[in-house]
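Here's the structure, in structure tokens; my notes come after.
The values are calculated or read from the model by the stated rules, or taken from the named source; none is laboratory data. Just so we're clear, the structure is a prediction, and the values are computed from it rather than from any experiment. Note: ideal-geometry Cβ built from the backbone for every residue, glycine included; neighbour counts use all protein chains shown. To get the accessible areas, we keep the full protein, side chains included, count just its heavy atoms, and leave off ligands, DNA and RNA. Shrake-Rupley method; radii C 1.70, N 1.55, O 1.52, S 1.80 Å.
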Amino acid sequence: MSPTTSLAPSTAEVTPEEPPAAGDGRRFDWLRRHRRWCFALVVVVLLAEMAFAMVTTAVEQTPTIDEPVYVGTAVVYLRQHDLRYNPEHPPLGKLIMATGLAFADVRLDPAFAGDQSQLGRHVLYESGNDPGRVMLLARLPMIVLTLLFGLVVFAFACDLVGPVGGMVALALYAFSPDVIAHGSLATLDVPVAGFLLTSVWLLWRARRRPVLYLPLAGLALGAALATKMSALAAVPVLLLLVALSVWHARRARDPDPRRTAGLVVAAAAAVVLIAVAVVWASYLAVDPRLRFETPPGLPAVHGLRALVDWLPFPRPYRDGMRVQFGFEDQVWGGFLFGRQYLGSLWYYVPAALLVKTPLGALALGLAGTVTLLAVPRLRLPALYVLVPTAVLLVSAMNSERDLGARYAIFVPMFLAVAAAGVVALRPRWAHVAAAVLVTYAAVSALSTFPYYLPYSNEAFGGPARTHLRLHDSNVDWGQDLGRLSDRLRQRYPRERVWLVYKGSGVPSYYGINAADPLAVPPARVRGLLIVSDSAVARADDRLAALIDGSTPIDEVGHSITIYLRP
């Protein structure tokens with residue numbers, strides 16, 4: 001007698017809460033009945049793994065180059081409600097950091113009057129604060145936000161191809177070394193990418209319930225614009241997706257094209273107004289009176305850049321865009337595959353992504369992209385997943401700053417969703433191949449723990465050789481000063497130390513007593529010569545000569561090389 005036909009099951013019968021014994025033919029029935037709980041368990045495990053990796057990274061790493069500026073600005077927002085620092089980036093990302101810093105009594109001299117780089121140093125190292133604790137409190141809200149974006153990746157993929165596809169997408173996201181590396185930092189790259197992904201997902205859902213999801217998509221788009229100005233590149237394509245979603249929602253109810261066109265215009269206007277309101281709200285949250293002095297020396301704008309004066313944003317936002325234009329007008333140095341160069345290379349960002357994305361994720365992402373384009377029922381989802389990715393990638397490739405794959409951190413996020421398309425293929429081998437590639441990507445990511453920032457895939461030699469291909473935030477962003485201190489104390493306690501460090505940390509704070517080898521004649525440089533790998537990549541003739549006359553004996557975190565000078 002089965003439990004469904006018995007009014008009072010006997011003790012010999014199997015209740016629905018217990019899995020049937022092996023071999024009785026009902027195990028798969030039990031799994032199907034409890035599949036939601038199984039999927040939920042996998043989601044929890046994947047996000048727990050990601051949280052552990054990010055928290056460990058956040059605890060062990062010292063401040064990277066950009067973080068002190070953002071953290072110092074967040075403290076000023078909390079203590080002084082002043083918009084004068086870091087105008088080149090809108091406030092929202094730093095306000096999110098401030099939610100963590102609000103739990104610490106961070107000291108700040110009210111009379112401090114330095115620039116934003118000096119502000120970060122002052123807050124972390126000169127005001128009696130504990131820099132490790134301050135940085136962790138600023139990083140934790142970003143870690144939480146990164147985990148929430150993982151749920152968006154899962155939900156988006158589930159909407160497209162079902163829960164199995166959601167698992168594939170979430171696994172690729174949770175084991176993405178770049179997402180883990182930058183999601184554990186108090187920086188803005190992951191938040192802006194995640195908010196854009198969220199907006200696209202909500203626009204996809206707006207096809208069925210536009211009244212609910214279009215305003216939410218506007219909020220997410222506004223959050224992206226209020227985090228980083230690079231999100232402006234996505235606005236035109238997202239408005240096209242608004243039109244597509246409204247048209248899809250109306251075509252079955254009202255075939256009149258004129259009324260549909262009117263609704264499309266109204267919906268696009270509503271999304272834009274909500275997004276603009278979020279940007280204004282982020283500035284008003286810092287200072288309700290919007291007190292702001294235009295920074296001196298802003299570049300004049302001509303041509304298309306002059307449109308910045310017509311944007312419906314606060315003046316600090318528009319002036320911040322002028323600061324960004326000034327950065328773009330500078331000549332920056334780059335390093336790619338062992339070659340130094342000035343200016344930018346159009347293929348730098350794709351090349352950096354090729355190096356820093358796990359091979360399993362690359363293969364599965366490519367297969368998923370092809371599937372989205374080839375399977376007729378997935379071509380509409382392809383517009384939502386692939387077109388924003390392509391537009392943002394082209395924008396990143398046109399930047400004058402070849403400083404890291406982080407400028408395209410949206411790619412592994414959207415690529416994870418695209419990869420889920422593979423499960424829409426019917427042949428069983430496709431599902432087996434997807435499982436193998438996900439496992440391969442996961443093993444590759446786990447093998448680099450806890451050194452996620454310098455990760456490169458096996459085709460390029462792994463994290464120990466990333467510094468031979470890339471520089472800056474791809475490998476060495478100043479994050480290993482604390483680890484260097486530990487290494488010197490443990491292995492080289494009596495050695496003379498010469499240091500060329502690229503970062504925002506203060507070596508003396510961590511007990512590193514080092515001299516500058518570039519400030520004395522080369523013959524006097526004897527003992528340990530320690531050089532950040534980004535400095536090695538961009539070495540001038542003098543530093544290159546010192547390195548050539550030295551023997552590499554150790555490395556720290558795959559980002560700092562220790563040489564011995566006889």
For the subset of segment 521-548 comprising residues that are in a loop (DSSP other than H, G, I, E, B) and of a type in the set (A, V, I, L, M), which member is nearest to ASP472 (Cα to Cα)?
ALA539
Only listed residue being out of contact with any helix residue (DSSP H, G or I) (no Cβ under 9 Å at 6 or more places or on another chain), basic (Lys, Arg) and loosely packed, with under 13 Cβ neighbours inside 10 Å, chosen from ARG487, ARG491, ARG524
ARG491
Residues being closer than 15 Å to ARG207 by Cα and either free of Cβ contacts under 8 Å to residues at least 12 places away in the same chain or exposed (fewer than 14 other Cβ atoms within 10 Å of the Cβ) (or both): count how many of those fall in segment 262-289.
0
Among ALA243, ALA233, ALA206, the single one that is buried (at least 21 other Cβ atoms within 10 Å of the Cβ) and not hydroxyl-bearing (Ser, Thr, Tyr) is ALA206
Identify, by number, the condition in (1) within 21 Å of PRO316 (Cβ to Cβ); (2) open to solvent by 50 Å² or more (accessible area, probe 1.4 Å); (3) of a type outside the set (A, V, I, L, M, F, W, C) that ARG259 doesn't meet.
(1)
Hits in segment 529-554 (condition: surrounded by 13 or more Cβ atoms within 10 Å (Cβ to Cβ) and among the basic types (Lys, Arg)):
ARG538
Restricting attention to segment 429-469, report how many residues are in a loop (DSSP other than H, G, I, E, B), in contact with a helix residue (DSSP H, G or I) (Cβ under 6 Å, 6 or more places away or on another chain) and open to solvent by less than 50 Å² (accessible area, probe 1.4 Å).
8
When you check SER504 against the structure, is it hydroxyl-bearing (Ser, Thr, Tyr), surrounded by 15 or more Cβ atoms within 10 Å (Cβ to Cβ) and part of a helix (DSSP H, G or I), yes or no?
no
Please work out which residue is surrounded by the fewest Cβ atoms within 10 Å (Cβ to Cβ), limiting yourself to segment 66-79 and to residues that are modelled with pLDDT of 95 or more and out of contact with any helix residue (DSSP H, G or I) (no Cβ under 6 Å at 6 or more places or on another chain).
ASP66
Assess whether ASP309 counts as being of a type outside the set (Val, Ile, Thr) and either out of contact with any Lys or Arg (no Cβ under 7 Å at 6 or more places or on another chain) or over 23 Å from LEU92 (Cα atoms) (or both).
no
